[in-house]
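A.B. asks: Before anything else, here's the structure in question.
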Amino acid sequence: MSVELNSRWPVLKIYDQNHLRRIAMPLGGIGTGTVSLGGRGNLQDWELGNRPAKGFTPGSGAFFALWTRADGQTKTRALEGLVPIGEFEGQSGCWAPNHGLPRFRSCKFAAAYPLAQVLLGDLDMPLDVRIEAFNPFIPPGADDSGIPVAVLRYVLVNKTGLPVQASVCGSMPNYIGQDGTTAPDKEAKVLNRNSFRKRGGLQGIFMESTGLDVWSEAWGTMALTTTAKAGVTYRTAWEEMRWNVPILDFWDDFSADGALEDREHKKERFPNCSLAVKVVVPPRSSRSVTFLLTWYYPNRRTWNKVPPRFKGHYRRNGRTCPDQHVVGNYYTSRYRDAWDAAARTAPRLVELEEGTVKFVKAFCGSDLPAVVKEAALFNASTLRTQTCFRTPDGKFFTWEGCHDKNGCCNGSCTHVWNYEQATAFLFGPLSRSMRTVEFAHATGSDGMMSFRVNLPLGVPSWKAAAADGQMGCLMKLYRDWKLSGDNTMLKTLWPNAKKALEFCWLKGSWDADKDGVMEGCQHNTMDVEYFGPNPEINVWYLGALRAGEEMASRMGDEKFAQVCRKLFDSGSRWMDRHLFNGRYYEHRIVPIKNSRSVLKCLILKMGAHDLASPDFQVGKGCLADQLVGQYMAHICGLGYLLDREKVHTTFRSIMKFNFRKNLFGHFNNMRSYALNDEQALLVCTYPLGKRPLRPNPYFLEAWTGMEYTAAVGMMQEGLVGDGLKVFTAVRDRHDGRKRNPFDEPECGHHYGRAMSSWAAVPTLTGFRYDGGRGVIEFAPAIGKGRRDFWSTGDAYGTCTQKKTARGVEVALEVIRGRLKLAQIVLAGFGSTKLAAKSVLHAGDSAKVVVWKN
């Protein structure tokens with residue numbers, strides 16, 4: 001291949017032809033849905049219509065094609081790599097979409113999310129092609145990162161000494177009304193319509209529907225447009241479907257001269273359309289053609305039943321929706337339709353691409369290990385999938401993950417989203433909106449926080465509490481307050497945050513005897529209840545007490561702060577004395593003698609049926625995330641929650657007992673996320689024996705989010721080599737051949753917990769930020785210097801350290817956002833206060849010398 005990578009775009013990973021089949025990089029904005037770019041340059045998993053649709057490629061016409069004429073010869077190819085061998089055999093032969101189209105013989109995929117490049121080459125073709133695909137991703141700007149667009153640029157590279165005529169054509173069906181989850185209703189009188197538009201420097205096909213209920217979840221509009229000024233031809237319809245005549249007629253038409261002749265509009269349910277752009281590529285040169293795929297699906301539905309009294313809560317274009325289950329989308333409140341989205345995005349394309357490239361370059365240009373950059377950045381793609389969405393008021397909500405055809409485990413589940421760190425450090429306002437939902441809407445007057453929230457807000461939530469979820473939310477509130485310095489948020493949410501801690505001490509609750517140790521019935525992220533003191537839940541509790549102490553002091557409630565400190569000290573000492581077995585912390589099972597002694601909201605009956613002899617306990621097991629609360633405490637800057645040496649020993653033990661170099665002899669009665677020769681860190685092992693007959697149900701699995709959590713905990717203890725070994729094991733499993741590098745599943749695709757991988761970024765750089773005081777901190781560089789990436793959720797930039805005879809020169813740059821800065825600290829080395837507090841904006845920098853204390 002003569003085509004090369006775009007040198008302006010950073011690249012983290014290149015996948016060769018043998019590692020393409022599972023690649024599917026989501027293209028779309030935060031909360032908008034996505035279409036995925038496959039490893040071969042194909043478009044797949046069209047998940048635009050408010051729900052997941054894995055494997056869904058609409059109709060038979062969703063592809064791009066290239067026509068060339070050189071030296072009197074014409075050739076046509078689909079702009080994709082070869083169909084993989086695994087898709088050759090089906091009930092009617094090959095089952096790959098558009099399998100009969102000729103394709104390019106050579107293909108590579110390169111990415112640094114959200115920038116993807118597909119390199120296509122073929123000895124028979126006069127042109128090689130580079131596909132450049134992206135969607136704007138510009139932290140902390142959630143709006144600019146939430147545009148319903150997939151940008152597809154086809155760069156045509158002439159490898160001959162003659163000019164080549166060329167045409168690039170995109171085709172797709174107008175499938176509005178079909179979301180890939182169920183077969184279309186054959187009785188519905190739905191007729192979709194395509195029309196060509198040329199307005200304000202934009203040309204293309206606008207797709208709409210008539211007859212479909214305008215409040216249907218699958219109702220919306222789409223547009224396929226180009227920024228090309230000339231050489232544009234189109235079809236708003238294809239031939240009537242008879243024996244696959246439509247694609248034959250299209251291929252003949254396009255192959256003749258690279259231009260399209262329109263066809264008569266029939267009354268079709270899902271009419272195809274095509275848009276072609278013709279160019280001349282000079283010898284040994286290149287030309288590019290850019291397409292925008294945009295969409296507008298406003299009628300997102302809630303995930304729970306809604307009483308009729310909530311009818312009329314959702315309005316669009318001055319009209320009230322009669323269905324109380326429709327909650328709407330934030331992104332569609334910003335545009336009139338899909339054409340409007342394209343028309344407002346196209347003029348900003350250069351700006352949006354530059355903003356995205358700046359972010360990715362700053363991140364990839366840091367001195368973080370490559371596997372950390374890959375894990376952190378590629379998993380951030382989850383924010384753009386159907387796992388996440390925003391309601392019209394801008395609030396951010398999440399599923400745990402996505403099943404193939406529907407969301408998995410609703411309600412912005414607190415105990416799952418406790419682990420991830422990407423949202424808080426990249427998009428602070430979205431993270432803070434989750435804290436508002438948790439404390440202002442999901443927390444009752446008694447302090448019980450429902451760990452799954454209902455929509456629309458105001459609908460009574462599930463009366464069930466998760467001990468780890470509730471305690472983790474207190475730590476997340478502290479984290480988000482410290483990063484942002486948002487005292488107004490803290491003041492508003494503190495009353496309910498205080499109640500959430502006091503709930504622990506109610507009769508029948510988790511710590512009814514108020515001794516700093518949770519003994520009660522503790523529902524948790526294993527989807528069961530633990531009985532008796534255990535490290536996983538109790539360390540979350542200790543972290544919540546420390547966070548509560550700090551927040552109470554800030555609110556002037558010293559009496560409550562002292563209560564929190566007293567319980568923390570007591571609970572920490574008790575855990576070290578009674579739960580540490582010399583190698584790790586274990587679970588002391590204490591059955592409940594009388595279920596009536598337990599608050600009803602704590603018993604979900606998802607685990608043990610006999611509370612006097614409960615199943616699904618950890619017992620003597622070595623749990624991979626037993627110190628997840630400590631992991632979170634270090635991220636928050638709350639220090640050690642337990643004895644430092646015991647914490648260090650525990651992480652060594654987790655690596656020793658839970659890490660597997662291969663799984664050839666591994667039995668697993670549940671789900672398998674790692675197999676055969678793959679390496680993995682298991683959820684729980686029993687190195688000391690005494691395994692319960694029926695342990696924690698997931699103990700034999702390997703969850704990437706938990707693996708990352710344990711790995712970051714190791715890094716926090718200086719066990720960086722072990723932590724990187726775990727990171728590498730996870731990413732080796734998601735190599736494009738076996739699994740999708742942009743989809744780490746657990747209970748569903750694109751699972752939220754996997755974004756715990758981002759925690760390695762502040763951990764390895766030593767980054768902390770106090771937004772109220774304007775104090776930024778890094779670990780001192782080892783050696784001559786280091787380049788770090790940093791982000792607060794409201795700004796991001798770089799920090800470069802250079803050791804000199806005068807001390808350490810620190811250059812801090814703000815690339816985007818706003819940063820209050822009063823002091824720069826190199827932990828354990830020294831600090832420098834600025835002459836006066838200042839606020840740095842995008843493009844500003846601060847340079848200081850830090851002397852050793």
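The values are calculated or read from the model by the stated rules, or taken from the named source; none is laboratory data. Worth saying up front: this structure is predicted, and the values here are computed from it rather than measured. Quick reminder, even Gly has a Cβ in these numbers, built from the backbone with ideal geometry, and neighbours come from all protein chains shown. Just so you know, the surface numbers come from the protein's heavy atoms only, side chains and all, with ligands and any DNA or RNA stripped out. Shrake-Rupley method; radii C 1.70, N 1.55, O 1.52, S 1.80 Å.
A.B. asks: Quick check, is residue 622 in contact with a strand residue (DSSP E or B) (Cβ under 9 Å, 6 or more places away or on another chain) and surrounded by 13 or more Cβ atoms within 10 Å (Cβ to Cβ)?
C.D. replies: The answer is yes for residue 622.
A.B. asks: Shifting gears a bit: Looking at 754, 779, 760 in this structure, which one is over 22 Å from the mean Cα position of the chain (by Cα) and of a type in the set (A, V, I, L, M, F, W, C)?
C.D. replies: Exactly one of 754, 779, 760 is over 22 Å from the mean Cα position of the chain (by Cα) and of a type in the set (A, V, I, L, M, F, W, C), namely 779.
A.B. asks: So which residues in region 591-611 are surrounded by fewer than 15 Cβ atoms within 10 Å (Cβ to Cβ) and in contact (Cβ under 8 Å) with a residue 24 or more places away in the chain?
C.D. replies: Of everything in region 591-611, those that are surrounded by fewer than 15 Cβ atoms within 10 Å (Cβ to Cβ) and in contact (Cβ under 8 Å) with a residue 24 or more places away in the chain turn out to be 591, 597, 600, 606.
Each row is one residue, and each column tells you yes or no for (1) in contact with an Asp or Glu (Cβ under 7 Å, 6 or more places away or on another chain); (2) open to solvent by less than 20 Å² (accessible area, probe 1.4 Å); (3) of a type in the set (Lys, Arg).
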| residue | (1), (2), (3) |
| --- | --- |
| 738 | no, no, yes |
| 753 | yes, yes, yes |
| 756 | yes, yes, no |
| 761 | no, yes, no |
| 785 | no, no, no |
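A.B. asks: Also: Among residues belonging to region 70-81 that are without any contact (Cβ under 8 Å) to a residue 60 or more places away in the chain and surrounded by 13 or more Cβ atoms within 10 Å (Cβ to Cβ), point out the one that is farthest from residue 19 (Cα to Cα). Don't jump to the end; show me each part of the working.
C.D. replies: Step one: list which residues in region 70-81 are without any contact (Cβ under 8 Å) to a residue 60 or more places away in the chain, which gives 72-73, 75, 77-78, 80.
Then keep just the ones that are surrounded by 13 or more Cβ atoms within 10 Å (Cβ to Cβ); that gives 75, 77-78, 80.
Numbers: 75: 28, 77: 22, 78: 20, 80: 15 Å.
Among residues in region 70-81 that are without any contact (Cβ under 8 Å) to a residue 60 or more places away in the chain and surrounded by 13 or more Cβ atoms within 10 Å (Cβ to Cβ), the one farthest from residue 19 (Cα to Cα) is 75.
A.B. asks: Here's something else I'd like to know. Give region 666-684 a look and list any residue that's outside any loop (DSSP other than H, G, I, E, B) and either among the small types (Gly, Ala, Ser) or open to solvent by 10 Å² or more (accessible area, probe 1.4 Å) (or both), or say none.
C.D. replies: 680
A.B. asks: Considering (1) within 18 Å of the chain's Cα centre (by Cα); (2) at positive phi; (3) in contact (Cβ under 8 Å) with a residue 60 or more places away in the chain, say which one residue 34 fails and leave the rest.
C.D. replies: (2)
A.B. asks: Next question, about the same structure. Within the group 802, 820, which residue is basic (Lys, Arg), more than 31 Å from the chain's Cα centre (by Cα) and either open to solvent by 10 Å² or more (accessible area, probe 1.4 Å) or under 22 Å from residue 376 (Cβ atoms) (or both)?
C.D. replies: 802
A.B. asks: What pairs can you find where one residue is in region 758-783 and closer than 19 Å to residue 833 by Cα, the other is open to solvent by 10 Å² or more (accessible area, probe 1.4 Å) and among the aromatic types (Phe, Trp, Tyr), and their Cβ atoms are less than 7 Å apart, with a gap of 6+ or different chains?
C.D. replies: As it stands, the answer is 776/769; 777/767; 778/767; 780/829, since those pairs meet every condition given.
A.B. asks: Name the residue that is nearest to residue 480 (Cα to Cα), counting only residues in region 636-665 that are in a loop (DSSP other than H, G, I, E, B), open to solvent by 30 Å² or more (accessible area, probe 1.4 Å) and without any contact (Cβ under 8 Å) to a residue 60 or more places away in the chain.
C.D. replies: 640
A.B. asks: Of the conditions (1) open to solvent by 10 Å² or more (accessible area, probe 1.4 Å); (2) out of contact with any strand residue (DSSP E or B) (no Cβ under 9 Å at 6 or more places or on another chain); (3) hydrophobic (A, V, I, L, M, F, W, C), residue 775 fails just one. Which one is it?
C.D. replies: (2)
A.B. asks: Has region 593-613 got any residue that is farther than 17 Å from residue 465 by Cα, in a loop (DSSP other than H, G, I, E, B) and of a type in the set (Lys, Arg)?
C.D. replies: yes
A.B. asks: Hey, does region 546-567 have a residue that's within 21 Å of residue 466 (Cβ to Cβ), assigned to a loop (DSSP other than H, G, I, E, B) and over 32 Å from the mean Cα position of the chain (by Cα)?
C.D. replies: Checked region 546-567: no residue is within 21 Å of residue 466 (Cβ to Cβ), assigned to a loop (DSSP other than H, G, I, E, B) and over 32 Å from the mean Cα position of the chain (by Cα).
A.B. asks: A follow-up question, please. So, restricting to strands (runs of 3 or more DSSP E) that lie completely within region 221-321, which ones have at least 1 residues that are over 38 Å from the mean Cα position of the chain (by Cα)? Don't jump to the end; show me each part of the working.
C.D. replies: On the way: elements: 221-226, 232-235, 272-281, 286-296.
In region 221-321, the matching strands (runs of 3 or more DSSP E) lie at 272-281.
A.B. asks: Helices (runs of 4 or more DSSP H) wholly in region 402-513 with at least 2 residues that are at pLDDT 95 or above and open to solvent by 10 Å² or more (accessible area, probe 1.4 Å) - which ones?
C.D. replies: In region 402-513, 428-436, 467-484, 487-502 are the helices (runs of 4 or more DSSP H) which contain 2 or more residues that are at pLDDT 95 or above and open to solvent by 10 Å² or more (accessible area, probe 1.4 Å).
A.B. asks: If you don't mind, another one. Do we have any residue at all in region 558-569 that's open to solvent by 30 Å² or more (accessible area, probe 1.4 Å), closer than 26 Å to residue 545 by Cα and in contact (Cβ under 8 Å) with a residue 40 or more places away in the chain? Explain how you work it out, then say what you get.
C.D. replies: Within region 558-569, the subset open to solvent by 30 Å² or more (accessible area, probe 1.4 Å) is 558-559, 562-563, 565-566, 569.
The next check asks that each one be closer than 26 Å to residue 545 by Cα; those that pass are 558-559, 562-563, 565-566, 569.
After this cut, where a residue has to be in contact (Cβ under 8 Å) with a residue 40 or more places away in the chain as well, the list is 566, 569.
The answer is yes, given that some residue of region 558-569 is open to solvent by 30 Å² or more (accessible area, probe 1.4 Å), closer than 26 Å to residue 545 by Cα and in contact (Cβ under 8 Å) with a residue 40 or more places away in the chain.
A.B. asks: While we're on this one: Looking at region 230-245, which of the residues that are over 20 Å from residue 340 (Cβ atoms), at pLDDT 95 or above and not aliphatic (A, V, I, L, M) is surrounded by the fewest Cβ atoms within 10 Å (Cβ to Cβ)?
C.D. replies: By that ranking, first place goes to 231.
A.B. asks: Pick out the one residue from 31, 41, 55, 49 that is open to solvent by 30 Å² or more (accessible area, probe 1.4 Å) and either of a type outside the set (S, T, N, Q) or not in a loop (DSSP other than H, G, I, E, B) (or both).
C.D. replies: None of the others qualify; the one that does is 55.
A.B. asks: Considering only region 326-342, how many residues are assigned to a helix (DSSP H, G or I) and either within 23 Å of the chain's Cα centre (by Cα) or surrounded by 22 or more Cβ atoms within 10 Å (Cβ to Cβ) (or both)?
C.D. replies: Selection size over region 326-342: 7.
A.B. asks: Is it fair to say residue 583 is over 17 Å from residue 502 (Cβ atoms) and either of a type in the set (D, E, K, R) or buried (at least 23 other Cβ atoms within 10 Å of the Cβ) (or both)?
C.D. replies: Against the criterion (over 17 Å from residue 502 (Cβ atoms) and either of a type in the set (D, E, K, R) or buried (at least 23 other Cβ atoms within 10 Å of the Cβ) (or both)), residue 583 qualifies.
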